[in-house]
1. Which one is surrounded by the fewest Cβ atoms within 10 Å (Cβ to Cβ) among residues in the range 16-59 that are at pLDDT below 55 and on the phi > 0 side of the Ramachandran plot?
2. Sort out for me the helices (runs of 4 or more DSSP H) sitting completely within the range 194-310 that have 1 or more residues that are closer than 30 Å to residue 114 by Cβ.
3. Output yes when any residue across the range 201-212 is surrounded by 12 or more Cβ atoms within 10 Å (Cβ to Cβ), at pLDDT below 95 and out of contact with any helix residue (DSSP H, G or I) (no Cβ under 8 Å at 6 or more places or on another chain), and no when none is.
4. Does residue 148 meet the test of being in the same structural domain as residue 38 (by TED's automatic domain parsing) and modelled with pLDDT under 90?
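The values are calculated or read from the model by the stated rules, or taken from the named source; none is laboratory data. In this text the structure is predicted, and so the values were computed from the model without any measurement. So basically every Cβ, Gly included, is an ideal-geometry build from the backbone, and we count neighbours across all protein chains shown.
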């Protein structure tokens, strides 16, 4: 699934635009312009994800012109199936369209849009307007019920978005992780505390998400913390470990901690000790022995580099 951070707008916009294009292409292959879906975001995607979808009227006109041109050339079968040049469906083989149509059903588009509306991220008001118009274009009677059911979720996400954006304003999502030194210790401490506040907020589950969605959001947040400044903070890796253990992902927790040690903190004695203890609890005695040996080697290396640390 996409979209578990406040920066998810562009990802969702690209995904929904693609699904609508595929759905329209499947309908056009069958020779109909009825039920075609309009681009849910119009010019929002221009310049980032290509051109917006054509209007229903434009597509119908292009189909009509293509048919007339085919007849004027002798009525031979159009190898493109009558689709105007430039439509995405022209780039897809006929035998693939059946599968793509099933994957891009109206229900799938609706499900993913509703998922988007339950995700605290920027520009939710634009998403809500596009969703309401989408439902009304499909079925005005059904739209009233579906919109009413989804509106509380959208309202809750909107309120939480403002709080989330305040928390994220204190971190730089493009900041790489760097080792902690005496010169940057104060800034690193502030950065870690900012990420810890975001992680704690997500773990409190303000959206009242189901466990699977909650785990996805918190894991994404933890991964973002590691990638954006906190990879050299042992506390973040311990938080990652404890969260995964709490949700019965013990193998994944151990693998996560092992990667943190190997890639960023090879001389952190506490993390190595926790790794050895976790492996022993899992019954992996050989792995635990290797972890303890790695801990001893790390201590010896540190002693060789700084005898006063012994």
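1. Checked the range 16-59; the qualifying residue surrounded by the fewest Cβ atoms within 10 Å (Cβ to Cβ) is 47.
2. 211-225, 234-246, 250-263
3. No: zero hits.
4. no
Okay, residues lined up against (1) surrounded by fewer than 15 Cβ atoms within 10 Å (Cβ to Cβ); (2) touching a strand residue (DSSP E or B) at 6+ places or on another chain (Cβ under 6 Å); (3) on the phi > 0 side of the Ramachandran plot; (4) in a helix (DSSP H, G or I):
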| site | (1), (2), (3), (4) |
| --- | --- |
| 121 | no, no, no, no |
| 131 | no, no, no, yes |
| 146 | no, no, no, yes |
| 172 | yes, no, no, no |
| 181 | yes, no, no, no |
